[in-house]
Amino acid sequence: MTTHSAHQHDEHRHHEHQHQGHQHEGHAHEGHHRAGHGAGTSWRMAALATLHCLTGCAIGEVLGMVVGTAAGLHNAATVVVSVALAFVFGYALTMRGVIRAGLPLRQALKVALAADTVSIAVMELIDNTVMVGVPGAMDAGLADALFWVSLVVSLALAFVVTTPVNRWMIGRGKGHAVVHAYH
């Protein structure tokens, strides 16, 4: 190697080293920023994901309880209808958003299943346990305050219990984290 070419080679290596250093610093800064930022917003993200899930669950749950109560179904049948409709409406709300983002129906269903299944299941477990556990709530009529107060309390408790579950899942790239790629 000539002296000139050796000098260029050294400059090239120095430039590569600087570039790699900047990349490393950028990634470290980005990771630090995300970790610091995520710690401040992860509860917020989890609460928003839970609220989104709660919306679909509440629509299905209320509709199921109303249908079951109005039709005079046995409590177990009312719970089954409510849970089924909670899953349908929970998945439908997520699918609506990802289909709008351009995903085909089959892929949107996969995203909804991945995003919402655990969240809806936890929410429904808590919600229906409260409804069944409150004496007289399932037997109360639609015009009875006990029915509506129990339902609101059960949904609120389901939100409180499900939010940490969603936070844990989002932190691991699961649950509603899969939906964020399409927003």
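The values are calculated or read from the model by the stated rules, or taken from the named source; none is laboratory data. No experiment lies behind these values; they were computed from the predicted model shown. Using ideal geometry, Cβ is built from the backbone for each residue, glycine included, and neighbour counts are taken over all protein chains shown.
Inspect the range 130-141 for any residue being within 19 Å of Leu51 (Cα to Cα) and assigned to a helix (DSSP H, G or I) and give the result as yes or no. Among the residues of the range 130-141, at least one is within 19 Å of Leu51 (Cα to Cα) and assigned to a helix (DSSP H, G or I), which makes the answer yes.
Residue by residue, here is whether (1) modelled with pLDDT under 90; (2) of a type in the set (Lys, Arg); (3) over 21 Å from Ser154 (Cβ atoms) holds:
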{"residue": "Ile59", "(1), (2), (3)": "no, no, no"}
{"residue": "Val79", "(1), (2), (3)": "no, no, no"}
{"residue": "Leu103", "(1), (2), (3)": "yes, no, yes"}
{"residue": "Ser119", "(1), (2), (3)": "no, no, no"}
{"residue": "Val122", "(1), (2), (3)": "no, no, no"}
{"residue": "Thr129", "(1), (2), (3)": "no, no, no"}
{"residue": "Gly133", "(1), (2), (3)": "no, no, no"}
{"residue": "Met138", "(1), (2), (3)": "yes, no, no"}
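Candidates Val153, Val130: the one that is over 21 Å from Met45 (Cβ atoms), crowded, with 17+ Cβ neighbours inside 10 Å and under 27 Å from the mean Cα position of the chain (by Cα) is Val130.
Of all residues in the range 81-104, none are assigned to a helix (DSSP H, G or I), free of Cβ contacts under 8 Å to residues at least 24 places away in the same chain and among the small types (Gly, Ala, Ser).
Of all the criteria given as (1) modelled with pLDDT under 90; (2) under 15 Å from Val66 (Cβ atoms); (3) not β-branched (Val, Ile, Thr), the one not satisfied by Trp148 is (1). When the criteria are applied in full, Ala92 fails the requirement of being over 21 Å from the mean Cα position of the chain (by Cα), surrounded by fewer than 21 Cβ atoms within 10 Å (Cβ to Cβ) and not β-branched (Val, Ile, Thr).
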